[in-house]
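The values are calculated or read from the model by the stated rules, or taken from the named source; none is laboratory data. Since we're looking at a predicted model, the values are computed, not measured. Note that we place each Cβ from the backbone using ideal geometry, even for glycine, and neighbour counts take in every protein chain shown.
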Number of protein chains: 2
Amino acid sequence: MATIEELSEQLKLISDKSRLTILALLKEREMCVCDIVEILETTQPNVSQHLKKLKNGGMVHETRRGHWIYYSLNVEDKPHVKKILDDLPSMRDRVALLRKESCD
Amino acid sequence: MATIEELSEQLKLISDKSRLTILALLKEREMCVCDIVEILETTQPNVSQHLKKLKNGGMVHETRRGHWIYYSLNVEDKPHVKKILDDLPSMRDRVALLRKESCD
DNA sequence: CATTTAAATAAGTAAACAATTATATTAGTG
DNA sequence: CACTAATATAATTGTTTACTTATTTAAATG
């Protein structure tokens, strides 16, 4: 049972279109910042800032591997969010369009 | 399966703290505008505008009865929203504090 | 260890949004 | 039918928030 304030915060976090798209992308697979930049067609700082908010809200998890920092979903303990993400259209096609070496 | 745009809109609608509180109140029972004004301790136009947004988003239903217009929940066809509201703390106590004749 | 590159942070701008104050509807009832 | 009371709308203000541009940090690897 969450407070209204907490729930409001969480909903605001995922209600942004860019962040919701990022979460939908991470449903397909983990991704580095530059992957997301390429798909969203926006700037790197913009994506970094959204990822920071998602991380602070406990929605994603980050791990460095080589040059890149990979972000992945972390919503197992958030049933509402999980359900909502389940209902999002698949991003498979857009993810597939990523050039293999886009971030080199 | 909703689009990201639609879902984003819906989440934004319910992520506002005032609107989320209104929905939580309507979970207890239908209410007229002045009831909500009294509980939220804000102005009447503020509540009217939030209600208008909720109505446009299909979250509430209105019906006039005597002097008053009563608003009630309309989320049966919105499973996400319904689940989220289920998780909100009960507003029973705050509703009970309403003076019987608060809106005369 | 210096260079390169991915990502983060800082600072500034613009747009979206909630709240306020003021005014207009609208319907019920004396 | 005029008056009152409840709600809606309009206009304004202030805050929040996303996005951009510029700069910094940090780690990997040659």
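Here's the yes/no breakdown for (1) more than 23 Å from A:LYS83 (Cα to Cα); (2) away from chain A (no Cβ under 14 Å); (3) without any contact (Cβ under 8 Å) to a residue 60 or more places away in the chain; (4) over 14 Å from the mean Cα position of the chain (by Cα):
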{"position": "B:CYS32", "(1), (2), (3), (4)": "yes, yes, no, no"}
{"position": "B:LEU40", "(1), (2), (3), (4)": "yes, no, yes, no"}
{"position": "B:SER48", "(1), (2), (3), (4)": "yes, yes, yes, no"}
{"position": "B:ILE84", "(1), (2), (3), (4)": "no, no, no, no"}
So is B:LEU20 surrounded by 19 or more Cβ atoms within 10 Å (Cβ to Cβ) and within 12 Å of another protein chain (Cβ to nearest Cβ) or not? yes
Where residues in the range B:1-17 are surrounded by fewer than 17 Cβ atoms within 10 Å (Cβ to Cβ) and either of a type in the set (Lys, Arg) or closer than 19 Å to A:SER18 by Cβ (or both), which of them is modelled with the lowest pLDDT? B:ALA2
Can you find even one residue in the range A:57-64 that is away from chain B (no Cβ under 14 Å), over 14 Å from the mean Cα position of the chain (by Cα) and farther than 24 Å from B:HIS80 by Cα? yes
Inspect the range A:7-16 for any residue being within 15 Å of DNA strand D (Cβ to nearest atom) and either closer than 26 Å to A:ARG99 by Cα or assigned to a loop (DSSP other than H, G, I, E, B) (or both) and give the result as yes or no. yes
Elements of type helices (runs of 4 or more DSSP H) contained in the range B:22-104, each with 3 or more residues being at pLDDT 95 or above and either at positive phi or within 10 Å of DNA strand D (Cβ to nearest atom) (or both): B:33-40, B:44-56
Given (1) within 22 Å of B:GLN10 (Cβ to Cβ); (2) among the aliphatic types (A, V, I, L, M); (3) more than 14 Å from DNA strand C (Cβ to nearest atom), B:LEU54 misses just (3)
If we ask which residues in the range A:1-53 are hydroxyl-bearing (Ser, Thr, Tyr) and under 30 Å from B:PRO89 (Cβ atoms), their number turns out to be 3
